Amino acid sequence: MRTGMRTAIAAWIFCTGILLAGIETNAQSIPKEIAPRVELYAIPSLTISDQQFLTGDPNGKPVSVAGEFRIAQGSGRLPVVVLMHGSGGVGATMEAWVHQFNQMGISTFVIDGFSGRGLTAVGTNQALLGRLNFILDIYRSLDILAKHPRVDPERIVLMGFSRGGQAALYASLDRFQKLWNKSGAQFAAYIPFYPDCSTTYATDTDVAARPIRIFHGTPDDYNPVASCKEYLARLQQAKRDVVLTEYPDSEHGFDAGLLGVRTSSVSSNAQTVRNCRIKEGEGGVLMNDDTRTPFTYKDGCVALDPHVGGNPVTAQEARKAVSDFLQALFRLG
């Protein structure tokens, strides 16, 4: 990270600490959904290809991505939800989830996997960043949180959306944890929202002995739920604790309904692998399982212009389902 950026972040954290110090001492005077303390982190990570990730090759480009840690009202070590964004970067819907969790007394850690890499979005060119980079960013964030004096390391949950939902789903793989998770901690659960499940990885039914809760929409033509159902069946056959909640009238990004969004629109020129079957081959090469050649985003199976849309009703249902799940998992009073 450049010296100027480090200085700016340090100054922001210093100023935030001063401004919020008084509020922290009298947290009861502010709404519960407002975190009385915010900390920003430069997370040391790498930019690597998917093949490098799959083979454990650390010879990538060092990069610092950002994390925003909001410490909820409460004392001592608190539970945390780590949130990973999708192809559009950190958006407004994330804020709705952050406020919900903070109101419950759960701290939040939002990862920005784009800005430190000079990216703002990758929807129209997914090849700009290997999808598995987000998992590395997630593990590096876990390393920070596991050592934090205000975090209960046994109560950290991972939640992700779309591309970030895919990362949240596959971060559960035992093999990936052994290769890249050096934190000494594990997530207490994994909550992927409308992830892409079209890629089959080697030993991908060997996942952490933790709950996996997937939320998806039936008409989703960005990341079709059908591929997740196939993966779900294999995980259930392997006796894993995984549940899919499917909403029959909800498109990709349906939780934008938390913001009152109820319209459907085309994500113009956005790439989707909805027609692809991708499988890990020898040496960590991702293969197009139909053509038996290495997969690229120039393959004929890659489609454009999927739909996105919010659904206020199912967004509220999903928020309640997630809140109830965390309430029980974290043993909140």
State the extension gain, in nm to one decimal, for the chain segment bounded by residue 305 and residue 119, taking 0.36 nm per residue of separation less the distance between their alpha-carbons.
64.9 nm
List the relative contact order of region 189-333 as a percent without decimals, with contacts defined as Cα pairs under 8 Å and 6+ residues apart.
26 percent
With a ≥ b ≥ c from the Cα gyration tensor eigenvalues, square-rooted, and the rule rounded for a/c under 1.5, otherwise prolate when a/b > b/c and oblate otherwise, region 230-313 is oblate
Net charge near residue 200, counting Lys/Arg +1 and Asp/Glu -1 over other residues with Cβ under 15 Å of its Cβ?
-2
Rounded to 10°, Cα long-axis angle of helix 92-103 versus longest principal axis of the chain
50 degrees
Give me the number: length gained by fully extending residue 49 to residue 291, i.e. 0.36 nm times residue separation minus the C-alpha to C-alpha distance, one decimal in nm.
85.0 nm
Counted charge near residue 121, where neighbours are those whose Cβ lies closer than 13 Å (Asp, Glu -1; Lys, Arg +1):
+1
Provide 158, 286 ordered by accessible surface of protein heavy atoms (probe 1.4 Å), highest first.
286, 158
Taking only C-alpha pairs under 8 Å that are 6+ residues apart, what is the relative contact order of the chain in percent?
14 percent
Sequence of 210, 277, 131 when ordered by accessible area, the most exposed leading, probe 1.4 angstrom:
277, 210, 131
Among the DSSP beta bridges whose two residues both lie in the chain, what percent are antiparallel, rounded to the nearest 5?
50 percent
In degrees from 0 to 90, rounded to the nearest 10, what is the angle of the helix 3-25 Cα long axis to the longest principal axis of the chain?
50 degrees
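If each DSSP helix of 4+ residues adds -39,500 (n - 2.57) and the sum is divided by the residues in the chain, what number results at 222 nm, nearest 500 deg cm²/dmol?
-9500 deg cm²/dmol, from helical runs alone.
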Residue 245 paired with residue 32, simple spin-label distance in nm, labels 7 Å along Cα-to-beta-carbon:
1.9 nm
Among 103, 139, 118, whose Cα lies farthest out toward the positive end of the dipole of region 100-174, if unit charges sit on the beta carbon of Lys, Arg (+1) and Asp, Glu (-1)?
118
Rounded to 0.05, the calculated FRET efficiency for the beta carbons of residue 174 and residue 229 at R₀ = 22 Å is 0.50
Candidate lysines - alpha carbon under 19 Å from residue 298, same-chain residues fewer than 8 apart omitted:
279
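Just the accessible area per residue of the chain, please: how many Å² with a 1.4 Å probe? Mind dumping the intermediate values first?
Values: 14190 Å² over 333 residues.
That works out to 43 Å² for each residue.
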Quick one: angle between helix 133-146 and the longest Cα principal axis of the chain, in degrees between 0 and 90, rounded to 10, please.
30 degrees
Can you give the charge dipole size of the chain about its Cα centre, rounded to the nearest 20 debye, using +1 on the beta carbon of Lys and Arg and -1 on the beta carbon of Asp and Glu?
780 debye
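The values are calculated or read from the model by the stated rules, or taken from the named source; none is laboratory data. Nothing here was measured: the structure is a model prediction, and the numbers come from that model. Glycine also receives a Cβ, built like all others from the backbone with ideal geometry; neighbour counts cover every protein chain displayed. For accessibility, only protein heavy atoms count, side chains too; no ligands or nucleic acids. Shrake-Rupley method; radii C 1.70, N 1.55, O 1.52, S 1.80 Å.
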